[in-house]
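These notes concern the structure reproduced below.
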Amino acid sequence: MKFTRIIDLSAPLDPRTVWMREDEADPVEEGSGLWGRERESRAWRETLKVERWLEPPPNQGLLEFLTINVHTGTHVDSEYQQDPKGQMLSEMPLDAFCGEATVLDMSFVGAGNMILESHVKRFEKEVESADAIFMFSDYPRRRDATVLGEESAMWLADSGIKAFGTGGMSIYHDRRTHDLCHRRRLAVYDRLDTDGLRTISGRRVFFVGFPLRISYLAASPCRVIAFEE
């Protein structure tokens, strides 16, 4: 198989740009994996921290250590994020993270407006035949973002898609919509590169976006690539 273009759909990430926030208390739930820890409150570390050491001879070489919030930059979520008995990333089938995809430009909905079921139904032919749906709009700031409504997300899920993703901060899905996608066990990609999505808007591509294979992860940074024939 030959491809005419390979497009990077992962937002660039610079470890020099970091941010801090106060963490909420850890949930206490009965379930599997790492849920059920003692309740505590702590400040998050930098979103991405890179530490480097130069090991002396005879084993001279660069050692690098990463401390990263799994929701940093382009990442993928699983059902386990909201449900301690839900499916973890490591338990999801591999074909949830690769396959045919279609990119939809939702800019016509307008800044701050809700994406309704009628809006996504405009793309009924594309959605019915797609394994994954990626969306973006022209509003990069969260306060101007287009909002994906629960009914439109339900329609997408009922169409049989296995993955869903949004570009940057241009489309916001609230907690109910996010939970719905997890309950339907969709691979949910956040903060895809909007410029990359724009170059293949309306087209059908083959994508890959695998998470790290680490047990008990609810989310993971990932590199998402699109291949255009």
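Going by the structure shown, is residue 202 within 23 Å of residue 4 (Cα to Cα), in contact (Cβ under 8 Å) with a residue 24 or more places away in the chain and not β-branched (Val, Ile, Thr)? Before the answer, list the steps.
Working: within 23 Å of residue 4 (Cα to Cα): yes; in contact (Cβ under 8 Å) with a residue 24 or more places away in the chain: yes; not β-branched (Val, Ile, Thr): yes.
Yes.
Of the numbered conditions (1) farther than 22 Å from residue 9 by Cβ; (2) free of Cβ contacts under 8 Å to residues at least 12 places away in the same chain, residue 108 fails exactly one; give the number of that condition.
Checking residue 108 against (1) farther than 22 Å from residue 9 by Cβ; (2) free of Cβ contacts under 8 Å to residues at least 12 places away in the same chain, the one that fails is (1).
Only one of these is in contact with a helix residue (DSSP H, G or I) (Cβ under 9 Å, 6 or more places away or on another chain), among the β-branched types (Val, Ile, Thr) and modelled with pLDDT under 90: 224, 127. Name it. Walk me through it before giving the result.
Working: 224 fails: modelled with pLDDT under 90.
Answer to the check: 127.
Out of the residues in the stretch 158-184 that are more than 21 Å from residue 223 (Cβ to Cβ) and of a type in the set (S, T, N, Q), which is modelled with the lowest pLDDT?
Filtering first and then ranking leaves 177.
If residue 140 satisfies all but one of (1) in contact (Cβ under 8 Å) with a residue 12 or more places away in the chain; (2) out of contact with any Gly (no Cβ under 7 Å at 6 or more places or on another chain); (3) surrounded by fewer than 17 Cβ atoms within 10 Å (Cβ to Cβ); (4) of a type outside the set (Phe, Trp, Tyr), what's the number of the condition it fails?
Just one mismatch for residue 140, condition (2).
Can you tell me which condition residue 188 does not meet? The list is (1) modelled with pLDDT of 90 or more; (2) buried (at least 17 other Cβ atoms within 10 Å of the Cβ); (3) over 14 Å from residue 76 (Cα atoms), and all the others hold.
Failed condition: (3).
For residue 134, which of the numbered conditions (1) of a type outside the set (Val, Ile, Thr); (2) at pLDDT below 95; (3) in contact with a strand residue (DSSP E or B) (Cβ under 9 Å, 6 or more places away or on another chain) fails to hold?
(2)
Would you check which residues across the stretch 50-98 are surrounded by fewer than 17 Cβ atoms within 10 Å (Cβ to Cβ) and under 26 Å from residue 126 (Cα atoms) and list them?
93, 94, 95
Of the residues 191, 185, only one is part of a strand (DSSP E or B) and at positive phi; which? It would help to see each step written out before you state the result.
On the way: 185 fails: part of a strand (DSSP E or B).
Answer to the check: 191.
Quick one: is residue 153 within 14 Å of the chain's Cα centre (by Cα) and buried (at least 20 other Cβ atoms within 10 Å of the Cβ)? Write out each step before concluding.
Numbers: within 14 Å of the chain's Cα centre (by Cα): no; buried (at least 20 other Cβ atoms within 10 Å of the Cβ): yes.
The answer is no for residue 153.
Name the one entry in 163, 219, 157, 153 that is over 23 Å from residue 122 (Cβ atoms) and not hydroxyl-bearing (Ser, Thr, Tyr). I'd like the intermediate steps shown before the answer.
Numbers: 163 fails: over 23 Å from residue 122 (Cβ atoms); 157 fails: over 23 Å from residue 122 (Cβ atoms); 153 fails: over 23 Å from residue 122 (Cβ atoms).
Going through 163, 219, 157, 153 in turn, just one is over 23 Å from residue 122 (Cβ atoms) and not hydroxyl-bearing (Ser, Thr, Tyr): 219.
The values are calculated or read from the model by the stated rules, or taken from the named source; none is laboratory data. On a predicted model such as this, the values are computed, not experimentally measured, just so you know. Virtual Cβ from ideal backbone geometry, glycine too; neighbours counted across all protein chains shown.
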